[in-house]
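Structure first, then comments.
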Amino acid sequence: MKSGERIPNLVFASPRALPKAAKLDGRVVVLDIAFAASTSSKVNFDKVTRVLIEGLGARLAAWVDHHDHDLHPQYASDPRFLLCTKAEHGACPEMVTPELVHAAGPVDTLVVHQDLDGLYSAVKWILGGEEPYAGADLDARCVDTRIGEPGPIATKIDRALRARFRDDDLKRAVVLWLVGGLKKDVHLQTIDEAEREFDASNRGTEALAARFEWRGRVAFVDVAGSTEAYDKTELLLLGQKIADVAAVRDSGAVTFAAAFDSGWNFVELFGLEGGMPTRVSISDTRLDEALATVNGASAPAGSGG
């Protein structure tokens with residue numbers, strides 16, 4: 001980013017909770033936001049994703065995403081859409097290149113997914129397609145796929161975001177700190193404070209991990225009603241040390257997860273329309289059905305059994 005250039009407006013979103021097009025200023029780029037499910041009765045592609053696309057119209061400068069979805073082919077001929085699968089690109093920032101940013105032209109607003117992957121994508125866009133530090137793309141891939149070990153910068157940010165995943169001020173601080181050259185400033189202080197909160201919640205995560213039990217080939221834990229503060233991603237990773245597939249039930253939902261390179265595809269197994277194949281959340285009313293489906297499926301080639 002050149003000195004004096006304005007940082008675009010930052011809007012943090014998720015596939016099921018997108019902003020209204022009328023509330024977004026000027027030309028807009030959407031980064032790391034998956035298309036919503038194509039047939040869900042309450043929150044689906046037509047009611048959420050298509051509404052934003054058509055609402056923006058010519059103001060949509062680019063939509064860049066790496067999550068599997070059956071409707072990607074509908075946009076293959078539109079040069080504004082750069083869409084791929086998780087297998088093709090493990091993380092979104094590596095898709096943001098100087099050529100892509102240049103081709104999109106001036107942008108007023110960035111709508112980005114609210115995880116590290118999305119924030120790093122925003123940072124790269126603001127920096128003209130350049131990494132904020134050497135190895136940032138690889139760090140984002142390590143964090144988003146949970147394969148390999150990210151460096152200390154991404155580890156700090158990942159832990160901070162997992163402690164305050166609803167805190168937009170923290171997300172903005174992450175972007176501004178990376179864009180600003182990783183200085184010892186107020187943005188770093190905000191990130192450090194959130195990271196300390198993660199350290200505290202991690203003690204609860206480890207306590208809950210002791211409650212994992214075998215449900216066939218699945219390591220399962222029900223944390224509903226628990227007063228322990230915990231990090232779901234970390235808890236799922238601890239479960240995957242016990243079994244290839246881990247499942248955590250809480251707040252009316254159950255999340256299934258397996259390693260990125262395991263070969264498991266829960267989107268297909270559970271009849272979902274899109275998302276990350278190796279991590280999905282479904283209503284806990286489907287728990288017994290989902291466990292039976294996983295336990296009855298043939299072990300994928302990449303799994304241990």
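Output yes when any residue across the range 67-83 is within 27 Å of ALA257 (Cα to Cα), assigned to a loop (DSSP other than H, G, I, E, B) and modelled with pLDDT of 95 or more, and no when none is. So that I can check it myself, show each step before the final result.
Taking the range 67-83 first, the residues within 27 Å of ALA257 (Cα to Cα) are 67-73, 82-83.
From what is left, the residues that are assigned to a loop (DSSP other than H, G, I, E, B) are 67, 70-71.
From what is left, the residues that are modelled with pLDDT of 95 or more are none.
No - not one qualifying residue is present in the range 67-83.
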Go through the range 98-148 and count every residue that is more than 12 Å from the chain's Cα centre (by Cα) and assigned to a loop (DSSP other than H, G, I, E, B). 15
Looking at the range 241-252, which of the residues that are surrounded by 18 or more Cβ atoms within 10 Å (Cβ to Cβ) and not hydrophobic (A, V, I, L, M, F, W, C) is farthest from ALA163 (Cα to Cα)? ASP244
Which one of these is under 23 Å from GLY180 (Cα atoms), touching a helix residue (DSSP H, G or I) at 6+ places or on another chain (Cβ under 7 Å) and among the basic types (Lys, Arg): ARG146, ARG159? ARG159
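Take the range 157-182 and flag every residue that is more than 16 Å from GLY118 (Cα to Cα) and either modelled with pLDDT of 95 or more or surrounded by fewer than 17 Cβ atoms within 10 Å (Cβ to Cβ) (or both). Working first, answer last.
Taking the range 157-182 and keeping what is more than 16 Å from GLY118 (Cα to Cα), we get 163, 180-182.
Residues satisfying the conditions are GLY180, GLY181, LEU182.
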Mind counting the residues in the range 250-305 that are touching a residue at least 40 places away in the same chain (Cβ under 8 Å) and in contact with a Pro (Cβ under 7 Å, 6 or more places away or on another chain)? 3
If we ask which residues in the range 95-151 are at pLDDT 95 or above, out of contact with any Pro (no Cβ under 8 Å at 6 or more places or on another chain) and among the hydroxyl-bearing types (Ser, Thr, Tyr), their number turns out to be 2
Write out, first by first residue and then by second, each pair whose Cβ atoms fall under 6 Å of each other, whose residues are 6+ apart or on separate chains, and whose first residue, in the range 130-153, is in contact (Cβ under 8 Å) with a residue 40 or more places away in the chain while the second is among the β-branched types (Val, Ile, Thr) and assigned to a helix (DSSP H, G or I). PRO132/VAL123
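Determine whether LEU71 is within 25 Å of ARG172 (Cβ to Cβ), of a type in the set (A, V, I, L, M, F, W, C) and in the same structural domain as GLY180 (by TED's automatic domain parsing). Can you show your working first?
Values: within 25 Å of ARG172 (Cβ to Cβ): no; of a type in the set (A, V, I, L, M, F, W, C): yes; in the same structural domain as GLY180 (by TED's automatic domain parsing): yes.
Criteria not met by LEU71.
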So which residues in the range 251-305 are more than 17 Å from TRP214 (Cβ to Cβ), of a type in the set (S, T, N, Q) and out of contact with any helix residue (DSSP H, G or I) (no Cβ under 8 Å at 6 or more places or on another chain), if there are any at all? SER251, SER262, ASN265, SER281, SER283, THR285, SER298
Among the residues of the range 255-269, the number that are part of a loop (DSSP other than H, G, I, E, B) and in contact with a strand residue (DSSP E or B) (Cβ under 6 Å, 6 or more places away or on another chain) is 1
So which of THR255, THR227 is at pLDDT below 95 and either surrounded by fewer than 22 Cβ atoms within 10 Å (Cβ to Cβ) or more than 18 Å from GLY148 (Cα to Cα) (or both)? THR227
Given (1) at pLDDT below 95; (2) in a loop (DSSP other than H, G, I, E, B), where does LYS47 come up short, assuming only one miss? (2)
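What residue, among those in the range 184-214 that are outside any helix (DSSP H, G or I) and among the basic types (Lys, Arg), is nearest to THR233 (Cα to Cα)? Step through it out loud before you land on a result.
Taking the range 184-214 first, the residues outside any helix (DSSP H, G or I) are 184-185, 210-214.
Now drop any that are not among the basic types (Lys, Arg), which leaves 184, 211.
Working: LYS184: 28, ARG211: 16 Å.
Applying the filter and picking the extreme gives ARG211.
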Taking interchain pairs and intrachain pairs at least six residues apart, which have beta carbon atoms under 7 angstrom, with the first residue in the range 228-245 and more than 17 Å from TRP264 (Cβ to Cβ) and the second assigned to a loop (DSSP other than H, G, I, E, B)? TYR230/VAL223
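The values are calculated or read from the model by the stated rules, or taken from the named source; none is laboratory data. Every value quoted in this text rests on a predicted model; they were computed, and no experiment measured them. Cβ atoms come from the backbone with ideal geometry, glycine included; neighbour counts cover every protein chain shown.
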